[in-house]
Every structure is written in structure tokens, then in C-alpha cells.
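Here is the structure we will look at, set down as C-alpha cells.
The values are calculated or read from the model by the stated rules, or taken from the named source; none is laboratory data. Model, not experiment: these values are computed from the prediction. Counting neighbours? That spans all protein chains shown, and the Cβs are built from the backbone with ideal geometry, glycine included. Accessible surface is based on the protein model in full, side chains and every heavy atom, while ligands, DNA and RNA are left aside. Shrake-Rupley method; radii C 1.70, N 1.55, O 1.52, S 1.80 Å.
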Amino acid sequence: MSIPPGVLEAIIDGSAVAPAIEQMLPIGVRHRQLRVRTLILGMMLSLADDRPAHLTRLHQALTALPADDQARLGVTEQWRTGPHQLTCRQAEYTFNLVADALSKDEPDGAPSGDRARTCDDLLEASIPARHKDASSALAADWTDVESWSRPPRHGTTGCADPEAHWGHRNSNLPGPRGEMFFGFYLSAATMTREENGTAVPELARRMTLCSCELDPVRAFAAVLLRMAAAGIPLGDILDDSGYAHRDAGAWAIPLRQAGAQLVQDLHPSDRGPRGTHHGAIIANGNLYCPATPKPLLQLGPLAPAATPDETAAHDQQTAELARHKPGPISADDADGYHRVMCPAAAGKIRCPLRPESMTLDRGRPEILAPPGHPPACCAQQTITVPPAVAAKTRQKHDYPSKEHRRSRARRTGSERTFSTIKDPATTTIGRGWCRLMGVTPLALWLACLLAVRNQRILAAFDARQADTARRAAAGLPPRTRKRRRRTLASLAAGPP
């Protein structure tokens, strides 16, 4: 889908990145024909036409504009010898100046402050004002981006792209589930709907690119913290076990301090009982009664192919597990401390150590074998929970409850973000898509690609909303998705 140049120019002007970069460029002796604003516009125009991230394609996109636009943008200028059209060499010269200005003096694979702000401003400007406050929930994920450089030879470290490094990616192809690649990690945060909220366009709001030698989780946490510092509130952050398994200081604690609520899958190494606090069992990010049945504490996430009966049984078990959880009686204070009450004292279970709870109806779980020497969580009415308890695994919903499963289902928006920029039918960021070396040139192209991709998502979303409104006005039900998969049962039921 072709995007009008005026829309892309509005994004560039709204981000204000062009004049900021112009201030960082050295003042040359000769007049530079290609300005930064026109350079970024050419990058977006070439990507909007599903062209690869090559400077020759950028040049072709600019020189294919109407003559009036070329004169207005400086693609064609009047020289002493007559009209002069931009050359590929001039495009390469300006792009190298921009890349050098946004790079670190000593490249280490991590983004510089100027480059990070440029990518943030471009993506934020690609989101219309009417959608900026539509949702504060973000789905986070990372993917692989291969370098154009050949990997270093065995036993050596030298190559054409010294910032690239060996990394690991998962593969859905037959054979091993994982493989190595040489390049970078691209992280992105995609807007998704609020819980029980209306649909929103799945727009990429933030991104970063770093060498595979660095931790993508720590690199992306800094991006989200800058987002919160800029006055954009963080809501639900949906991520997978790759984020949740990092130490608490790398992901969970900083984001929680910034106001985010985590909804994440837990790594198998973090599931189940993980110690005690004042006698209460620490499991899956929560505290539980010391007499909680062990099978309930060992519950794992529901299998994707679970039957309705298995789903109902799993939901019943997680609901019973929640009854053994101490009830919160205060929110976190400024230092992260809060207090919880014994589940029997809160009326959630029946326990002989709390005689008043034995008067409750027998529909509640009953503790048949209470501890012989009651710990503090049983002897006291309430206990204080410090922030260090389950700091890494604590999240918005109990894991792996029905509420958690439904809330985390929104994370598929991040998968769709990467699938749209890896689609071989349009733009694919596979090896050879960009033949420039270094993390900064590649990050600039990727930021422009995600900004262009946001415009396509907006156009498709607006078309769906208009179609839904038209059908509602005509008294028709909303359009449903067509089932594309044919099962073995349906094939067997058909004619031979």
C-alpha cells in the first residue's frame, strides 16, 4: 500500500528530529544539497513501496517524485550549470554524516542517547493524537536482525561489522528449535487493548536495536523508563519468560517503580514453591498458606491444545489455589512494603488455628493438618511483605489463573508486529535487506520501517472500524473471521 508523501512529511515534522540532527552535523565548506528532512523522507518513501533499505532505493524514491516536489524538497536545485538532480553519492554522503552524528565515539553495540531519542521521537510522531491515550498496555518482545557482514572466521574476532555478534533465535522450521545467527536484537513495544477494553490499532510505540553481545531485556527496559519519564504512563506490560527470567533489577523492579503492571509468563525454573516468608510459601509470585496442598502449588500453565473439560478443571484448581493466598489489606507504600492477612482470618478457608473460621460454610477449603508449631503467618493476624519477596515473579494476576491467561492473550500483538516486517511478500528484514554496517544505520532504517508500518496498520484499522459501523447501521452483525484451517474431521466428512 502506497502512503502519500504528505503523511510521511507530517510524521517527520511532528517528531522534530530533522532540525535536531542538522544541528549536530558539521558545517562543510560546500553547500550540501540533501537535507536531513529529505533524507528521512526518502527512507520512508522507499520502505512504503516495499523496497529494501538500500541507499540506491532511497535515491530512486526521491527522484521519482513530481518535479514540483523535487524542487521543494531540494532533490533538484539550480546550479550555475543549470538544474542539478540529486545523485546517489550525495545521498550516501548525507546518510553517513547522520549516522556518524548519532553514533557513539567508541561503538559498543548499544544505542547512543541521540540515536535513542531519534527513534523514540519518530515512532511517537507516527501515532495520531486520537490514539495516543487509547491504551497504556504494551506487548514487548524481541527478534533477530542479521547483519550483512559475514561472521568472523573461526578463531578470530575481526569482521566488517564489529558491533554485530552471535545470537540465538528460535525457528519453526523442521529440525532443531533454535539456531545461531550473526547480527543484532530488535526489541519493540506494541500497543494493545486494555483488559475488557475496546480494540485499538496495534502500533509499534517504542523500539531499540542492540548487539547480541548485550542483554536485550536491559536495553529495552531503559527505553520504557524513558517513555515513563517523558510523561507517557505505563500500564500493563505483557512479556514472555525471556523477560521474566531476568534478575529483578533488570526488568521487574524498574518497571514496577515506573508504574507498570507486569503480565508475564514464568520460566519453568521460576514456577512452583521458591522458599518461604514468615512461614508462608512463596510460589509463582505470591504467598500461600503453609498447609496449601502441594499439587495446587505445582500447577503449570494450561496447554494451548487443552479441551474444554481440561480448561474447566484447570480453572477450578487455580480458583481453589487462590483461596489459600493471604489477602492484601494495604497497597505498597513508598518503599514497596505491604501487609497481608491470613486466608483463614480473611474468611477464605477453614482452619482449626482460627476457630472463628470453622463457623464458615463447608464450601470453602478446610485445613485438615495445620502446622504443629504455627509460624508467624499463622500465629499473627497479618504479616508485612517486603519488596524483595517474589520481586521477580510478582505480577498483576495470579499465575497461572484464568484471569492471567486471558490477560496475557493480548501479547500476540507483538508477534504480529514482527510478522508484518518479516513478511517475504512485502518487506522482510532478512539478511541483505540492509547492506549498511553498524547498529546506528540499521536502527535508523528500522525506526523508519516501523513508522511506515504503523501507517498501514492505521489504515487497515480505520477500514475495519468503518465497515463495522456501516454494518451496524444496516442492522447486520459484525464481520467475523473466516476459518481458514480444514481439520482432518472436516476432510473425512467430505466426499471422496
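For region 362-496, the normalised intensity computed at q = 0.14, 0.18, 0.20, 0.22 Å⁻¹ comes to -1.03, -1.27, -1.31, -1.30 (log10 of I(q)/I(0), Debye sum over alpha carbons, equal scatterers, no solvent). Ordered from highest to lowest accessible area with the whole protein assembly present and a 1.4 Å probe, TRP166, TRP251 read as TRP166, TRP251. What net charge is computed for the residues neighbouring LEU25, neighbours being all others with C-beta under 12 Å from the C-beta of LEU25, Lys and Arg scored +1, Asp and Glu -1? After counting each charged neighbour, the total is -1. For ILE281, neighbours were defined as the other residues whose beta-carbon sits under 11 Å from its Cβ, and their charges (Lys and Arg +1, Asp and Glu -1) total +3.
Helices in the chain, meaning DSSP H runs of at least 4 residues, each add -39500 (n - 2.57). Divided by all residues, the mean residue ellipticity at 222 nm is -11000 deg cm²/dmol. Spin-label model, HIS267 to GLU415: label points 7 Å out along the Cα-to-beta-carbon direction sit 2.2 nm apart. A Förster radius of 30 Å combined with the Cβ-Cβ distance from ALA463 to ALA16 puts the calculated FRET efficiency at roughly 0.50.
At a Förster radius of 51 Å, what calculated FRET efficiency corresponds to the Cβ-Cβ distance of ASP49 and HIS338, to the nearest 0.05? In this case the efficiency is close to 0.40. For ILE349, the residues whose modelled amide H falls within less than 5 Å of its own, excluding neighbours fewer than 5 places apart on the same chain, are ALA344. Computed over protein heavy atoms with a 1.4 angstrom probe, the accessible surface ordering of LYS396, LYS348, largest first, is LYS396, LYS348. Listed values for region 342-348 are Karplus-derived 3J(HN,Hα) couplings in whole Hz (6.51 cos²θ - 1.76 cosθ + 1.60, θ = phi - 60°), namely 3, x, 6, 5, 7, x, 9, and x replaces Gly and Pro. Along its first, second and third principal axes, ordered by size, region 351-427 spans 68, 32, 17 Å in Cα coordinates. Of the whole protein surface, GLU320 contributes about 80 Å² of accessible area at a 1.4 Å probe radius. Max-minus-min Cα coordinates of region 158-315 on each principal axis give 60, 46, 37 Å, with the largest extent listed first. Taking each residue as 0.36 nm, the span from GLN257 to ALA64 lengthens on full extension beyond its C-alpha to C-alpha distance by 64.5 nm.
Solvent-accessible surface of region 237-369, taken per residue with a 1.4 Å probe and all protein chains present: 48 Å².
The calculated FRET efficiency for the pair ILE27 and ALA303, based on their C-beta separation and a Förster distance of 45 Å, comes to about 0.10.
Beta-bridge orientation, the chain: approximately 85 percent antiparallel, per DSSP, counting only bridges with both partners inside.
For THR276, the residues whose amide H sits under 5 Å from its own are ILE282, ignoring neighbours fewer than 5 places away on the same chain, with H placed 1.01 Å from N.
For the pair region 187-201 / region 228-296, the C-alpha centres are spaced 21 Å from each other. Taking other residues whose beta carbon is less than 13 angstrom from the beta carbon of GLY109, and scoring Lys, Arg as +1 and Asp, Glu as -1, yields -3. For the set GLU415, GLU22, the ranking by accessible area, highest first and with no ligand, DNA or RNA atoms included, is GLU415, GLU22 under a 1.4 Å probe.
To put it simply, the accessible area of region 70-112 at a 1.4 Å probe is 47 percent carbon and sulfur. In terms of the mean number of neighbouring beta-carbon atoms within 10 Å, the peptides 40-51, 274-285, 124-135 order highest first as 40-51, 274-285, 124-135. Compute the distance in nm between two label points, each set 7 Å from the Cα along the Cα-to-Cβ direction, one at LEU353 and one at ASP215. Reported label-point gap for LEU353 and ASP215 is 3.6 nm. If I model the chain as equal point scatterers sitting on the Cα atoms and use the Debye formula, what is log10 I(q)/I(0) at q = 0.08, 0.12 Å⁻¹? Each listed q maps to, in turn, -0.63, -1.14.
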